[in-house]
Amino acid sequence: QVQLVESGGGLVQPGGSLRLSCAASGSGFSLLAMDWYRQAPGKQRELVASITITGRTNYADAVKGRFTISRDGAKNTMYLQMNSLKPEDTAVYYCHAKRIPTDYWGQGLQVTVSS
């Protein structure tokens, strides 16, 4: 069993930065493929960034060059560094992990980009 606990959300001005963290409890962190999703009001949940077991990363076009996903195996934690934030980045951000066949989700973090 895996539990995901997120932290780091909040309110930031346009152009600012935030770093989200997702701490995984339980064993086998290195066996998890992990992602960040987000869901804006009235919109479907969308994939923001992914990191594989081997560390390969992938990003949605909307965040390429601004967001960086990473993971620290020693701390069982995944991160999302978000720079040059825009109002359209406002959403609830969710940490997701998959160990076949099970999906795990964090509780969600509100990120609001507004002046």
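The values are calculated or read from the model by the stated rules, or taken from the named source; none is laboratory data. No experiment lies behind these values; they were computed from the predicted model shown. When we count neighbours, we look across all protein chains shown, and the Cβ atoms used for this are built from the backbone with ideal geometry, even at glycine. All accessible areas refer to the heavy atoms of the entire protein, side chains included, with ligands and DNA or RNA removed. Shrake-Rupley method; radii C 1.70, N 1.55, O 1.52, S 1.80 Å.
Listing for the model above:
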{"read-out": "Pairs with Cβ under 7 Å, 6+ apart, first in the range 97-115 and touching a residue at least 24 places away in the same chain (Cβ under 8 Å) and of a type in the set (Phe, Trp, Tyr), second surrounded by fewer than 16 Cβ atoms within 10 Å (Cβ to Cβ) and assigned to a loop (DSSP other than H, G, I, E, B)", "value": "none"}
{"read-out": "Hey, SER27 in a strand (DSSP E or B) and free of Cβ contacts under 8 Å to residues at least 40 places away in the same chain or not", "value": "no"}
{"read-out": "Subset of the range 95-104 (residues that are surrounded by 14 or more Cβ atoms within 10 Å (Cβ to Cβ) and more than 13 Å from LEU20 (Cβ to Cβ))", "value": "ALA97, LYS98, ARG99, TYR104"}
{"read-out": "Enumeration of residues in the range 71-86 that are open to solvent by 10 Å² or more (accessible area, probe 1.4 Å) and assigned to a strand (DSSP E or B)", "value": "ARG71, ASP72, THR77, TYR79, GLN81"}
{"read-out": "Condition met for GLY55 (assigned to a loop (DSSP other than H, G, I, E, B) and modelled with pLDDT under 95)", "value": "yes"}
{"read-out": "Complete set of residues in the range 40-52 that are open to solvent by less than 60 Å² (accessible area, probe 1.4 Å) and either assigned to a strand (DSSP E or B) or at pLDDT 95 or above (or both)", "value": "ALA40, VAL48, ALA49, SER50, ILE51"}
{"read-out": "Any hit, the range 87-94, residues being farther than 19 Å from LEU109 by Cα and either under 12 Å from the mean Cα position of the chain (by Cα) or open to solvent by 70 Å² or more (accessible area, probe 1.4 Å) (or both)", "value": "no"}
